[in-house]
Amino acid sequence: MRRQLIAGNWKMNLNRASAVALALQIVEKADGCPRADLAVCPPAVYLEAVGKVVAGSRVGLGAQNMFYQLSGAFTGEISGEMLRDLGCQYVILGHSERRNILGESSEFVNRKVHAALNLGLTPMVCVGELLAEREAGDTAQVIRRQFDGTFSGLNAEEMLRVIIAYEPVWAIGTGKVATPEQAQEVHLQLRQLIAERYQESVAQQVKILYGGSVTAENAGGLLSQPDIDGALVGGASLKAEQFLGIAAQARDTQN
């Protein structure tokens, strides 16, 4: 048995004072969510400030992105070594907003995944289909294509250190949410893809999170699905009460 992971992606929101205040609220009440591992992913400029708040607590620290090189002439980029220096444990990679707004390909994300693993960071790697792709019945093909490209070259030991987040693009920030059954279907597909490439024992150990308009009101149904190992929370993670309300519904999983 293991705890589900509830991670908050704060995206490009908050200022320093409100980021610190939010982190403090979460840390103070984290013990009220005994069946959840917690993590917060603030904007990069607030990682140090939030990191000081969560240090030594039950709340892990994650970044929202990184570059695949350790250092160099890459203006505006942040390396995994810099994140590790700030105490980060996690890093979100391949979020749909980076894939679809900023043009990151699965191959580009794959380079970041390898870099993160080489530095001992835990990548939370996002996959998910557009609304048009779902309506066309192409969800399974899109997920397979993203899986194959994003996780290319990983051995079984490395795959065990990855967290996958299924985020249907049509449900991110729209107020729409996949039904528990729709989410479970894709989570099961992802687990089957892992088993195909590696073996069943690896597939059962990899954490697969759901993301896409998760709230305290709909979290229970999602987190109760057999192949959902937690949630990557967007807008609701900006309010401590909502975020903790989601985490309070976490359960111990068999995976």
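The values are calculated or read from the model by the stated rules, or taken from the named source; none is laboratory data. Everything numeric here is computed off the predicted structure, so don't read it as measured data. Glycine also receives a Cβ, built like all others from the backbone with ideal geometry; neighbour counts cover every protein chain displayed. Just so you know, the surface numbers come from the protein's heavy atoms only, side chains and all, with ligands and any DNA or RNA stripped out. Shrake-Rupley method; radii C 1.70, N 1.55, O 1.52, S 1.80 Å.
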**Message:** Return the pair list, or none, for Cβ contacts closer than 8 Å from residues in the stretch 196-212 that are among the basic types (Lys, Arg) to residues that are assigned to a helix (DSSP H, G or I), at least 6 apart or on different chains.
**Reply:** Arg197/Met159
**Test: residue in the stretch 52-65 that is touching a Lys or Arg at 6+ places or on another chain (Cβ under 9 Å), over 25 Å from Glu104 (Cα atoms) and of a type in the set (Gly, Ala, Ser)** = no
**Matching entry among Ser213, Ser224 (being closer than 18 Å to Gly128 by Cβ and of a type in the set (Ser, Thr, Tyr))** = Ser213
**Request:** Filter the stretch 169-198 down to the residues that are modelled with pLDDT under 95 and part of a loop (DSSP other than H, G, I, E, B), then identify the one that is most open to solvent (accessible area, probe 1.4 Å).
**Result:** Lys176
**Given (1) assigned to a strand (DSSP E or B); (2) more than 23 Å from Gly230 (Cα to Cα), number of the condition Met124 does not satisfy** = (2)
**Message:** Being open to solvent by 60 Å² or more (accessible area, probe 1.4 Å), in contact with a helix residue (DSSP H, G or I) (Cβ under 9 Å, 6 or more places away or on another chain), of a type in the set (Lys, Arg) and not in a loop (DSSP other than H, G, I, E, B) narrows it down to one residue among Arg134, Arg145, Arg111; which is it?
**Reply:** Arg145
